[in-house]
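J.: Right, I'll just put the structure down here and ask away after.
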Amino acid sequence: MPGSVCAEAEVRVTLSRMCTDSRPSRIAAPWLALALAALLNACSQEPTRPPAASAARPNILLITVDSLRKDRLQTYGFAGASSPELLKFSKGASVFDDAQSNTPQGLPSYASLMTALPTASHGCGTRNGVLAPSHFTLAEALLATGYDTAAVVTCESLGRQRGLNQGFVHFDDELVLPVPLAEDVSTSAEVSTRGLLFLKAKADAAATNQGEPPWFLWLHYQDPRPDHVFQGFAGEEGNIIALRQAATPDDLYEREVRYADMHIGRVLAGVDVLGIGGQTLVVVVGAHGPLWPPLGPDFTSPDLLADSTSLPLLIRAPASEGGRPQPMVRTIDLAPTLLDYAGLALPPASLGKSFRGLIEGQADWNASECFLELSPDARTDQVGVLTGSHRLLLDRKTGGTQLFERSASGEVEVPGADGAVAQELKRQLAALQSQAQEGASQSLGLRMSLSIRGEAWPTSAAAQETEQSATALDGQVQINYANGEPWSRGSIQQGVPTGLWETWFPDGMRKSSDMYDNGVLDGPSLAWMRSGKLRLRSECKAGVPNGRWSRWWDGSIRQAEMHFSDGVAQDTWTYWNAEEVAVLELTFREEGRRVGLVKSFLNGNQLANGEFLDGLRVGVWRTWYRGGGLKRYWPYEAGELHGKSFGYDPRGFLLEGWNGEFSQGSLLPQKVK
């Protein structure tokens, strides 16, 4: 049976079980409650019900995929069978051949995608950064105009402590695991299951209520990624260890692409099976420029070359026949495009612009330059500018430049880094840097304008006026909800937050307290739940985590305790489940190297445990099935497999092909009996 047919058949069975299985589910309950709950719209002045989803105001399904390369997808010409589900999806979608990320690094790229701002504007520029609440996000804009909003995320850079939960009615980061365990646990299957539960609940609600509001669902897949998990498939059960031992980095990566594609296909099939495709805009995009050998898994040593910023982008919009747009688009253009489809004006703080016309077959698109950036903690201090014809990279430490010519066949470095073309590109780069530095104050000014006017989102006139006055903000500021209750209060100097800033929920309950210095977090922070119980106590120094961080499940039951020094993990980290049982302990030495025992649970079942010494795996590592049965037994010595390894099926029987003996990472020949 073809893969796409299998995916649709599996979805039909899954949805059928959702309707008939009466057993309680810890996963299903939040989503079903979400679908039936009334939307809390704090920015709306009148309790009128928002219009239902339609082709003119569609539901929005955003699927982001970590480190996904174009050249490993069949849609972009890859010869292997790596992505049959996305290939099927692309037949009716707009497939963009020149989509570019402003950075190859995860958290800064996600923040840019959600705010339509480059890193220099939103300030969330490091792995441990936090998106300040002064910035408007895509989810906040949609929520303010009646959309129901939900997300399922799996990457540590996307947990609610990073600030990207702003605007989501339901933000599910239960699958976010600390980095050591995220390397060993694949979560794509669970992300798709939770996504399907949401889609089913919303489709059922729309079938019984013609006024059901449209929704925005963000699903993030962490597979594939630089730290590759070997993915086995049906028919390979008898030869898994040999295949794993022979796998090259390319093989491992392609297997993870295939694995993610299979589970993304379940969601795409679910949209069609549930009959909501005609009212749903679907986006599949690589979350950021992919890190890839020879870069390896070191997130602090990327560059801004073509392979690091180019990414796949596929969009299927209602009433659109799809196509193959050639002009360059940027990830900061995606949020304005989705807002355009939702019928919303673009915020003045946005440095992106809508490319809806390209999706609908219009040719009058004037591509803007792409500002390329690396975060402050990267080893290479580069910035750059990208146009349809050239790429210019500037090393800010040495002043050296590289110039590349771009064409449909690729990019080639050319001489003339001091010529007329390079000088014009440097002028454009300087203008982009200046424009980006103004973005943060414009975003904060927009929030103030909305609170003063009592508008959910600006008209063109309001947007223009806000843009003209945002950078002049200075002094004490209080921003109110439409009901008159305070939303935020603090001080501004030259358009950016400084000193103590506090926020509140619409009912007047305190939400957060943060210290800022020149627009970045600097000092202690506190965050509360709607119940008034403490959720997070943290501290930052110049925008990066520092000192002790504590999180709670409900204000009294601990969830996590972490320690940082200038953004680097230190000492012992401990995680607890909702029953206050310690489920994970990590110990870090200097420079964040891991030592000590690690273990993990999901929904009460143990997933993995093992031990690190100076950042290398040692001793026996075990993984379990979600039902509790032992799955794998791997012995390590100094980071290499060493000794006898075993694999078991869910019934507890040894799996043929999973069992073998290793010496310093090499599989030993089997002894002939």
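The values are calculated or read from the model by the stated rules, or taken from the named source; none is laboratory data. Everything numeric here is computed off the predicted structure, so don't read it as measured data. No Cβ is skipped: glycine too gets one built from the backbone with ideal geometry, and neighbour counts run over all protein chains shown. For the accessible areas, the whole protein counts, side chains as well, though only heavy atoms, and no ligand, DNA or RNA atoms are used. Shrake-Rupley method; radii C 1.70, N 1.55, O 1.52, S 1.80 Å.
Per-residue answers, yes or no, for (1) within 15 Å of Thr154 (Cα to Cα); (2) open to solvent by less than 10 Å² (accessible area, probe 1.4 Å); (3) at pLDDT 90 or above; (4) part of a helix (DSSP H, G or I):
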residue: Ser186; (1), (2), (3), (4): yes, no, no, no
residue: Ala189; (1), (2), (3), (4): yes, no, no, yes
residue: Leu197; (1), (2), (3), (4): no, no, yes, yes
residue: Glu212; (1), (2), (3), (4): no, no, no, no
residue: Phe216; (1), (2), (3), (4): no, yes, yes, no
residue: Asp227; (1), (2), (3), (4): yes, no, no, no
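J.: Restricting to segment 294-321, what's the tally of residues that are open to solvent by less than 40 Å² (accessible area, probe 1.4 Å), modelled with pLDDT of 90 or more and either at positive phi or not small (Gly, Ala, Ser) (or both)?
T.: Going through segment 294-321 one residue at a time, the tally reaches 6.
J.: Given the conditions (1) modelled with pLDDT of 65 or more; (2) surrounded by fewer than 16 Cβ atoms within 10 Å (Cβ to Cβ); (3) in a strand (DSSP E or B), report the number of the one that Trp621 does not fulfil.
T.: (2)
J.: Let me spell it out: the conditions are (1) at pLDDT below 85; (2) under 26 Å from Thr75 (Cβ atoms); (3) surrounded by fewer than 18 Cβ atoms within 10 Å (Cβ to Cβ); (4) among the charged types (D, E, K, R), and Asp377 meets all of them except one. Which number is the exception?
T.: Condition (2) is where Asp377 drops out.
J.: Using the structure shown, decide if Phe171 is open to solvent by 10 Å² or more (accessible area, probe 1.4 Å) and among the aromatic types (Phe, Trp, Tyr). Lay out the reasoning, then the answer.
T.: On the way: open to solvent by 10 Å² or more (accessible area, probe 1.4 Å): yes; among the aromatic types (Phe, Trp, Tyr): yes.
So Phe171 passes the test.
J.: OK, next. Do we have Asp333 as under 29 Å from Gly123 (Cα atoms), free of Cβ contacts under 8 Å to residues at least 60 places away in the same chain and outside any loop (DSSP other than H, G, I, E, B) here? Quick ask: steps written out before the conclusion?
T.: Details: under 29 Å from Gly123 (Cα atoms): yes; free of Cβ contacts under 8 Å to residues at least 60 places away in the same chain: no; outside any loop (DSSP other than H, G, I, E, B): yes.
So Asp333 does not fit the description; no.
J.: Just to be sure before I move on: is Ala367 on the phi < 0 side of the Ramachandran plot, modelled with pLDDT under 90 and open to solvent by 60 Å² or more (accessible area, probe 1.4 Å) in the structure I sent? Spell out the reasoning first.
T.: Numbers: on the phi < 0 side of the Ramachandran plot: yes; modelled with pLDDT under 90: yes; open to solvent by 60 Å² or more (accessible area, probe 1.4 Å): no.
Criteria not met by Ala367.
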